[in-house]
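Written out below as structure tokens is the structure these notes cover.
Each value in this text was obtained by applying a stated rule to the coordinates, not by laboratory testing. Treat the numbers as computed from the prediction; the structure is a model and nothing was measured. Methodologically, a virtual Cβ is constructed for each residue, glycine included, from the backbone with ideal geometry; neighbour enumeration extends over all protein chains shown.
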Amino acid sequence: MSGKLLPNPTPETRIYWEKTALNELWMPYCQTDGWVFPPRFHCPTCASTEFEWRQLSGRGTIASFIITHRGGAGYQDEVPYFIILVDLEEGPRLVGNLYGVPVEPTAVEVGMPVEVFFELRDGIHLPQWRPAGSKVTI
Ligand SMILES: [Zn+2]
């Protein structure tokens, strides 16, 4: 254990984490309302439980970003680092970290294309982000 705060898979998120372990990004999709994230047992809009899990491309663009200088639990030694919001091509928005660029405000911009990769941390495959076309891993 690294002492880092990590997601705790639940029955609602089990499929999501099983897919990230395969280096794939999937989310439940409500036929009426679209993507449901975070995964749950019913649609927060129409309460339907009729979901279909769909794979996402893992490509998107930066919707917003910050550079944090105060890391969360277990991340204090990694500051500064990027926290970004990503608008996926298919529509959902995810939060994550950005790697593969200098940690400087001028290194990124809103609209910059990014792609997902997966970091194995204490048994959890975390979606992380890098510039599109980059081969950066951690
Ligand atoms: Zn719905």
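In the stretch 92-106, the qualifying residues are those that are over 13 Å from the mean Cα position of the chain (by Cα) and loosely packed, with under 13 Cβ neighbours inside 10 Å, and the one that is nearest to residue 134 (Cα to Cα) is 102.
Among residues of the stretch 41-54 that are closer than 15 Å to residue 12 by Cβ, those with a beta-carbon under 9 Å from a residue that is near the ligand (Cβ under 9 Å from one of its atoms) and among the aliphatic types (A, V, I, L, M) at least six positions away or on a different chain give the pairs 42/36; 43/36; 44/36; 51/36. Just name the residue that is surrounded by the fewest Cβ atoms within 10 Å (Cβ to Cβ) out of those in the stretch 1-50 that are assigned to a strand (DSSP E or B) and more than 16 Å from the ligand (Cβ to nearest atom). Checked the stretch 1-50; the qualifying residue surrounded by the fewest Cβ atoms within 10 Å (Cβ to Cβ) is 26. The residue pairs whose first member lies in the stretch 58-77 and is free of Cβ contacts under 8 Å to residues at least 12 places away in the same chain, whose second member is charged (D, E, K, R), and whose beta carbons are closer than 9 Å, counting only pairs six or more residues apart or on different chains, are 71/77; 71/78; 76/70. The residues in the stretch 51-71 that are closer than 20 Å to residue 83 by Cβ, part of a loop (DSSP other than H, G, I, E, B) and within 15 Å of the chain's Cα centre (by Cα) can be counted, and the count is 1.
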